[in-house]
Each structure stands twice: as C-alpha cells, then as structure tokens.
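Remarks on the structure that follows.
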Amino acid sequence: MIKAVSSRKRLYMVLASPVNSHNEWDPLEEIVVGRLEGATIPSGHPVVACNIPPWAARLQGLAAGFTYPRRLVEPAQEELDGFIALLESLGITVRRPDAVDHRRRFSTPDWSSRGFCNTCPRDSMLVIGDEIIETPMAWPCRYFETHSYRELLKDYFRRGARWTAAPRPQLTHELFDPDFRLPSVGEPMRHLLTEFEPVFDAADFVRAGRDLFVTRSNVTNRMGIDWLRRHLGPGYRIHEIESRCRTPMHIDTTFLVLAPGKVLVNPEYIDVDRLPDVLGSWDVLVAPEPDRIDDRLLKLTSLCGKWLSVNVLMIDEKRVIAERRHTGMLRALERWGFEPIPCDLLHYAPFGGSFHCATLDIRRRGTLESYLD
C-alpha cells in the first residue's frame, strides 16, 4: 500500500508497512509458519544440554548432526499441514521460510557447528509494530537460522517494514558459566549465561502494546533485555516475570497475554503473588494441569516439557487455537470466555514447540496502545 504525503511544495510517496503487530490478540491477518524440512538434531553444546535431562543430553550428543527420523518427522508434518490449512481457512495469509539443509557445517573464527531447524520463527525474530528484529540467539547451531527467512525479510523491507538485527554475538566460552549446574529445589535460581554480551530469544518476550513481559532464561541474559529496552526507547516498558522453572527457556509455556486484562499463567513456574504490580487489575487465568500424553517417543524427544498446553495462538480477542488433546485447557478457555479452536500439533514438540512457537505474527489489525496502569 502507498500513501501520498504532502510536504509544503512537494508531494512524495510513503510505503505503508506490511508488518504491523503490537500485541498477542489483535485480529490476525498474516503469519509466518516454520518448516520441518532439513531439521537436524542439535549439538551437545552446554547451552542446549542444560535444558534437557542429563541422559537425554548424552543421547542427543551422540545423534547430533543427523536428521530426525521419519517416524518423528512424518506425523509432525501431517499436523503442521493441517494447522496451515486451518489458518488459511480463517482468512489468514501464511508465509513460509526457505527449506534448508541444516546438516551443513558453518564456522566463525572461534567455533564451528551444524544447524538445527527453522521450525520456530518466534525464537529468532521479534515483531514490534512495523519493525522486525533479528535476535542474537545463544545456541551456536542457530547462528544463521534467520538466513532461511531472508527472502521474506527483504520482501517486507522493500514494501515498507523496518528491519533490524541485534548485535551478532561471538558465543565464545566467556558467555557460558563453566561452573554452572542446575539449581536444586529450594536453591536460588542460577543461569548458564554470563553477562559477557547481549543475547536473547524473541520467544522469551510477549507483547501487550507499550508493555512487554520477559523471562530471564538460559538463552536470554540481562544484557540482552537491556539491549532491547534501550533499542525500543522510552515509549515501551519491559517487565520481568520471575520463573520458578529450573531450566527456563521461553516465556510462552510460562506466561501468555491472551487479551486486554487477561493473562494465562503456568502455576508450576509462576507464583501469582509475585507477578509485576502493573498486572494488579488483570484477571490471572491459572492453566489446568496438562492432560497426560502416553506417547513414549514424544516424552523422550520433546525439548519443551509437558506445559505446551499453554502454548496457544490467539486469532483475535476471543478465538484461540489450542491443542486438541489437551482437553482440560480447551474447557478452561471456554470457561474464561474464549472460543477455542482445537487443532493437532502435538508431534511438533520434538522440534521446539507448539502453535505460538511455530509461528511469527506479521500483521494484526490494530494500533499501538497502552493496556496497563
């Protein structure tokens, strides 16, 4: 879209950005959905291994660099195709990244790695209004992940979007605490990352207009939060959500803003009495215990734990896509006044997430507002 703008003696043309998303609930018009093609088992680097049980980390280290087995990929692909068809049936434009062979090795002057996948665009890019920010991720195997989205990014830029890349991290040993160990129950929280340089995943943030919420995690450090705070400037506020998860990574299985005045929390990871004061007048919706999933292979291979039931995608203030097999969450959403749309994506878990993780909002019909006191 092009708008004419007059300036005294001249008339010039200004591009209206195709990117426009300020929160998690305005009516969704365009979205990026990840791909499974080329997905490769990630390395055994400490930043990967610290988020999974030790036995799983050892197995993953042995399998690192191999593509995922077909018995994992095929059911996930079938569910992903159904999810995309559902989005399109709702009138939403779906864009996809390029397919990439993530087995290819790459290097920097300090280290080398193979890739991982481009299943979760929510991790590597953050949309704030008309700006797409490429994030400085802490996993070496994800260092060049946004290259698979470059054709989309260039298209959005040519049509008027702002496109920013945070400082590319060195990811040298100084970033990772060599003495790190997981905190035991009752011990103070510890994180693998030092403050050597700013790193963060976009999936550690959720948006509510002029307010963003973040969890510090094993992929997001304070320096990364500070970088985004300074980049966005005084027009935005960033509030830290304290997580009790011993392996924190990504806020969208912990805390999600569903609509103005309504926030969904995972009671295992969140102490509702310690939420930021700015949420004092909001309804805190406590997620029910996830339904038991008896698929042994999914339990062994999921990177995300049992709380993917919280990982829902808002279509607008009422309609919400949620996992069909988490019936407790579907019923809870109905009680809270939402209109859940059941969908299957359970087999996507080994590749990094569910509906919120697997997508990146590009355009929602709405304007920048402040929803908090």
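The values are calculated or read from the model by the stated rules, or taken from the named source; none is laboratory data. The structure displayed is predicted, hence computed values, not measured ones. Here the Cβ positions follow ideal geometry from the backbone for every residue, glycine too, while neighbour counts run over all protein chains shown.
For segment 275-297, the candidate set comprises residues that are surrounded by fewer than 16 Cβ atoms within 10 Å (Cβ to Cβ) and farther than 29 Å from D26 by Cβ; within that set, the residue that is modelled with the lowest pLDDT is L297. For segment 79-137, filtered to residues that are under 30 Å from L232 (Cα atoms) and of a type in the set (D, E, K, R), the residue that is surrounded by the most Cβ atoms within 10 Å (Cβ to Cβ) is D123. Of all residues in segment 202-217, none satisfies being in a loop (DSSP other than H, G, I, E, B) and hydrophobic (A, V, I, L, M, F, W, C). Of the residues making up segment 65-92, those that are assigned to a helix (DSSP H, G or I) and within 24 Å of P140 (Cα to Cα) are L72, V73. If you go through segment 352-373 and keep only what is of a type in the set (A, V, I, L, M) and closer than 12 Å to A208 by Cα, you end up with L368, L372. The sole residue among L171, L152, L182 that is outside any helix (DSSP H, G or I) and crowded, with 20+ Cβ neighbours inside 10 Å is L171.
Among the residues of segment 242-257, is there at least one that is touching a Ser or Thr at 6+ places or on another chain (Cβ under 8 Å), among the aliphatic types (A, V, I, L, M) and either surrounded by fewer than 18 Cβ atoms within 10 Å (Cβ to Cβ) or farther than 20 Å from I52 by Cα (or both)? No, there is no match, as no residue in segment 242-257 is touching a Ser or Thr at 6+ places or on another chain (Cβ under 8 Å), among the aliphatic types (A, V, I, L, M) and either surrounded by fewer than 18 Cβ atoms within 10 Å (Cβ to Cβ) or farther than 20 Å from I52 by Cα (or both). A search for C-beta distances below 6 Å between a residue of segment 218-239 that is under 14 Å from E197 (Cα atoms) and any residue that is part of a helix (DSSP H, G or I) and modelled with pLDDT of 95 or more, counting only pairs 6+ apart in sequence or on different chains, returns T220/D204. For segment 35-64, a residue qualifies if it is in a helix (DSSP H, G or I), closer than 26 Å to R190 by Cα and over 20 Å from the mean Cα position of the chain (by Cα), and the qualifying residues are P46, P54, W55, A56, A57, R58, L59, Q60, G61. Residues that are under 15 Å from M314 (Cβ atoms) and charged (D, E, K, R) within segment 337-355 comprise just one, E339. Of all the criteria given as (1) touching a residue at least 60 places away in the same chain (Cβ under 8 Å); (2) in contact with a Cys (Cβ under 6 Å, 6 or more places away or on another chain); (3) not small (G, A, S), the one not satisfied by Y269 is (1). Residues that are in contact with a helix residue (DSSP H, G or I) (Cβ under 7 Å, 6 or more places away or on another chain) and either acidic (D, E) or at pLDDT below 95 (or both) within segment 131-152 comprise E134, E145, listed in sequence order.
Being in a loop (DSSP other than H, G, I, E, B), at pLDDT 95 or above and closer than 23 Å to R168 by Cβ is not true of D123. Reported count of residues in segment 153-176, each being without any contact (Cβ under 8 Å) to a residue 60 or more places away in the chain, touching a helix residue (DSSP H, G or I) at 6+ places or on another chain (Cβ under 9 Å) and more than 24 Å from D98 (Cβ to Cβ), is 1. Candidates in segment 42-78 are the residues that are of a type in the set (V, I, T) and in contact (Cβ under 8 Å) with a residue 60 or more places away in the chain; of these, the one that is surrounded by the fewest Cβ atoms within 10 Å (Cβ to Cβ) is I52.
Mind checking whether some residue in segment 210-217 is exposed (fewer than 15 other Cβ atoms within 10 Å of the Cβ) and either among the small types (G, A, S) or within 21 Å of D130 (Cα to Cα) (or both)? No, segment 210-217 has no match at all. For segment 32-48, the condition holds for no residue, the condition being that it is of a type in the set (D, E), at pLDDT 95 or above and within 29 Å of C245 (Cβ to Cβ).
R229 meets the conditions (1) modelled with pLDDT under 95; (2) part of a helix (DSSP H, G or I) in every case but one. The failed one is (1).
When F200, F196, F176 are screened for being of a type in the set (F, W, Y) and touching a Pro at 6+ places or on another chain (Cβ under 6 Å), only F176 passes.
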